[in-house]
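These notes are about the structure you will find just below.
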Amino acid sequence: MSIKYTEDHEWVKVEGDIATVGITQHAQDALGDVVFVELPEVGKTYVQKDTAGVVESVKAAADVYMPVSGEVVEVNQALADEPSLANSDPMGAGWFFKVKLAQPDEVAALMDEAAYTAFAA
């Protein structure tokens, strides 16, 4: 189970045909204190690069893009009540949504940790 990254600072963790998506540590550092998260609708299908949600901080608002094509099967309701989870645990409890992969080959084209670290530097 590897974690992949996008140029839009989302992370993707694939388990079987389900991808869990969130924002990276770098993204939450840039945003500052997250105060609101708009999550995608469960059951809705997106294609890669579609806007799937919004994250708002005290400094800025940023779109959250769909890193892979597929159907949203779950959203992290805890973020609605406690958006600061995106800051305190962005790669864990602060995950945003889960997607059933429509095109698993899209995952292979995403960056690995080393490539993302170099990209985000």
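A few remarks follow.
- Computed over protein heavy atoms with a 1.4 Å probe, the carbon and sulfur contribution to the accessible area of the chain reaches 50%.
- Straightening the chain between Gln77 and Asp8 buys 22.6 nm, computed as 0.36 nm per residue apart minus the Cα-Cα spacing.
- Å² of accessible area per residue within the chain, as computed with a 1.4 Å probe and no ligands counted: 50
- Annotated for the chain: lysine pairs at least 8 residues apart or interchain, Cα distance under 23 Å, count 13.
- Relative contact order of the chain, pairs being alpha-carbon contacts under 8 Å that are 6 or more residues apart, as %: 30
- Phi-based couplings in Hz for the range 33-42 (Karplus 6.51, -1.76, 1.60; Gly and Pro marked x): 5, 6, 10, 7, 10, 9, 9, x, 8, 5
- Around Val55: net Lys/Arg minus Asp/Glu count, Cβ-Cβ under 9 Å: -3
- Under the Karplus curve 6.51 cos²θ - 1.76 cosθ + 1.60, θ = phi - 60°, whole-Hz ³J(HN,Hα) for the range 16-22, x wherever Gly or Pro sits: x, 10, 10, 10, 8, 10, x
The values are calculated or read from the model by the stated rules, or taken from the named source; none is laboratory data. Quantities reported herein were computed from a predicted structural model and do not represent experimental measurements. Cβ atoms come from the backbone with ideal geometry, glycine included; neighbour counts cover every protein chain shown. Surface accessibility is based on the protein's heavy atoms, side chains included, excluding ligands, DNA and RNA. Shrake-Rupley method; radii C 1.70, N 1.55, O 1.52, S 1.80 Å.
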